[in-house]
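Data block below; observations after.
The values are calculated or read from the model by the stated rules, or taken from the named source; none is laboratory data. This one's a predicted model, so the numbers in the text were calculated from it and none came from an experiment. Glycine also receives a Cβ, built like all others from the backbone with ideal geometry; neighbour counts cover every protein chain displayed. Each accessible area value is taken on the protein alone, full model and side chains, heavy atoms only, with ligands, DNA and RNA left out. Shrake-Rupley method; radii C 1.70, N 1.55, O 1.52, S 1.80 Å.
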Amino acid sequence: MPKIPVSSLNIASRTFWLFIAMTALTALAWKTAPGRNLIPGIGTESVSSLFLFPFAMTGLLIDLRDRASRRASFSCAAACIAALSTNLSLMAAAGAVSQILLFPSRRRLSGGCLRTLLFVAACTPGDGWTACVAALAAGYTGNRGRGALALAPSIEMGCNLLVLVRTVFQSDSILTPQMVFTLITVGVTISIVRAIALSTSRISAAFINIFAVPYGMAVVAIGLFAFASAEDSSLSAHAAASALMLDLICIWPAATAFLRIGDLIAAGGGSDRIARLGGLILFAPWLAGLFAAGACVFALLPPGAGFSMLWLLAETTLGLLPDRYASALPFIFLLFGLGGIVALFCLALLRLLMLVMCGAPRSPRMAGSVDIELPTQYPVIVCLAVSAIMSCIPGLITRFAPGFSGALSGEGAETRAIPSVITLTGPDGLSSWTPGVVIIMFAVIMAVLSFLRRKAASVSRFAPRTIFPDIAPTEETLWADGMKIQPSWLPFGEPLLWPGNDMAAAILRQLVFISPATRDYVRRRFFKILILTLWRVKRAAAGLHIVEAYGLAAILMVAAFGLWIVTIVP
């Protein structure tokens with residue numbers, strides 16, 4: 001039997017996964033009521049279509065070249081079955097198989113096994129606390145390996161997010177305030193810790209930390225949806241569900257493509273350490289362009305989908321704000337946490353861009369790296385293009401939210417009509433956000449600046465050299481070497497000394513009597529504390545593998561102890 005070429009196998013696999021992804025989007029767009037079971041245990045409801053799309057986009061990025069990549073492809077297929085399953089037992093079995101297929105080696109099985117056990121335990125009917133613990137454990141997923149195994153966090157976090165949605169928001173679940181507070185706190189903590197950990201020295205860990213930030217934001221959106229449902233606020237619940245849908249449809253494919261780009265950079269540079277990389281734009285311009293495009297799509301800044309999701313989360317938080325200050329204090333801290341996530345994430349992403357793309361190569365292997373081939377570029381371009389296009393029409397995605405939130409809560413959500421497919425509307429009905437307007441504004445500004453720059457270059461090429469073109473020549477001095485100057489306009493002549501930029505600082509020094517010795521001591525003390533703080537934060541971020549290896553065992557022991565107490569206490 002002739003062997004199928006790898007190129008033909010990749011084309012067939014990517015065509016299949018792209019068809020599955022587009023089918024999931026179409027089913028989500030046409031879904032106005034809960035789906036029916038096509039076969040026993042398999043359904044086509046809104047939740048299934050929503051999670052089927054990111055799993056299919058993950059399978060699109062897999063390059064079938066070795067045995068690990070085939071395992072990853074089968075893992076995506078098992079995750080898709082878990083997304084379509086309506087039976088908790090089938091979802092637990094399919095999700096567990098999906099995660100087991102991604103185990104890298106026998107030496108690093110502890111964290112993966114514990115997270116798989118927590119996932120299976122979360123699929124059992126209960127009050128949802130096990131799902132919260134599983135979501136916390138999945139937020140600290142580590143590196144699984146190179147190649148297709150680099151996409152393992154997308155599948156593992158997606159499975160845990162799926163079981164969190166299905167378990168916590170069932171119609172017969174009792175949503176306690178403690179559970180909602182735990183969800184929101186877990187989501188913010190995961191996002192902040194992962195954003196701080198972006199200062200790591202390994203590029204694979206850096207890209208996994210980047211991917212975990214939208215996962216934490218999705219957990220926050222689920223927590224806000226639970227609180228809004230408990231408060232009978234359908235508009236706020238619709239906004240939180242819209243934020244979750246934006247995360248899974250617009251941000252998740254770009255984040256998965258970012259994982260693939262990070263693996264390609266590490267493979268091309270021949271090292272996982274950022275200190276050995278650099279100068280990517282000189283030797284791999286296509287890969288550098290995809291890296292920059294992914295950063296623009298994935299950044300939490302306008303007009304990207306990340307900012308749209310944050311805007312919806314902030315509007316939902318403001319819509320749920322109580323009247324009393326003591327009750328509103330947790331929501332105020334949540335708003336500050338969202339701002340801190342944006343600042344830390346953008347700074348760390350900018351640092352990674354500068355270290356990898358700019359400068360000169362820091363190793364001979366990086367200097368000899370070659371650009372990626374066109375068949376490898378196409379899946380990444382498709383993922384980024386789908387994310388960018390869907391980011392420009394967020395209002396169209398929020399139109400799917402009533403059916404999705406109704407499928408979660410067991411009842412329909414009453415929402416006002418959305419004015420446009422390109423506009424997001426807040427729960428108050430007054431605030432709105434249109435990413436397309438910001439894109440048009442940036443395009444107009446860039447066009448005007450480009451036109452003015454070309455015009456200035458053409459004028460300066462042919463115009464005579466002048467020093468002061470707006471001043472009429474009235475006097476010529478010998479010391480000015482023929483330069484024309486303007487006579488003094490002051491009644492008593494020019495002052496001998498003009499005040500410089502340090503005038504305010506000089507006056508303050510004279511009034512406050514700050515000695516140079518005190519000023520130097522304060523400066524040294526400040527920089528010493530700042531350097532020590534940054535060193536401790538970096539050391540704590542570098543120890544995340546310890547949390548992954550041993551912290552999960554501690555979490556499992558605490559969860560087992562809590563279940564034991566609940567069992568013996570009447």
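At-a-glance table
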| read-out | value |
| --- | --- |
| Number of positions in segment 262-284 that are more than 17 Å from Phe207 (Cβ to Cβ) and within 24 Å of the chain's Cα centre (by Cα) | 1 |
| Verdict on Pro427 being in a loop (DSSP other than H, G, I, E, B), modelled with pLDDT of 75 or more and touching an Asp or Glu at 6+ places or on another chain (Cβ under 9 Å) | yes |
| Answer residue from segment 56-69, given it is within 14 Å of Ser7 (Cα to Cα) and more than 26 Å from the chain's Cα centre (by Cα) and is surrounded by the most Cβ atoms within 10 Å (Cβ to Cβ) among those | Leu64 |
| Tally, over segment 380-389, of residues that are touching a residue at least 60 places away in the same chain (Cβ under 8 Å) and surrounded by fewer than 22 Cβ atoms within 10 Å (Cβ to Cβ) | 4 |
| Residue match in segment 356-370 (condition: of a type in the set (D, E, K, R), at pLDDT below 85 and more than 30 Å from Thr189 (Cβ to Cβ)) | yes |
| Count of segment 293-304 residues which are open to solvent by less than 10 Å² (accessible area, probe 1.4 Å) and at pLDDT 85 or above | 2 |
| Answer from Ser154, Ser98 - the residue that is in contact with a helix residue (DSSP H, G or I) (Cβ under 7 Å, 6 or more places away or on another chain), at pLDDT 80 or above, in a helix (DSSP H, G or I) and over 14 Å from Ile208 (Cβ atoms) | Ser98 |
| Leading residue by the ranking (modelled with the highest pLDDT) among those in segment 10-63 that are assigned to a strand (DSSP E or B) and among the aliphatic types (A, V, I, L, M) | Ile42 |
| Residue match in segment 138-149 (condition: in contact with a helix residue (DSSP H, G or I) (Cβ under 6 Å, 6 or more places away or on another chain), modelled with pLDDT of 85 or more and either more than 22 Å from Gly306 (Cβ to Cβ) or open to solvent by less than 10 Å² (accessible area, probe 1.4 Å) (or both)) | no |
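For every residue, the table says whether it meets (1) buried (at least 18 other Cβ atoms within 10 Å of the Cβ); (2) over 24 Å from Asn209 (Cα atoms); (3) basic (Lys, Arg).
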| site | (1), (2), (3) |
| --- | --- |
| Trp311 | yes, no, no |
| Ala314 | yes, no, no |
| Leu320 | yes, yes, no |
| Ser327 | no, yes, no |
| Cys346 | no, no, no |
| Leu350 | no, no, no |
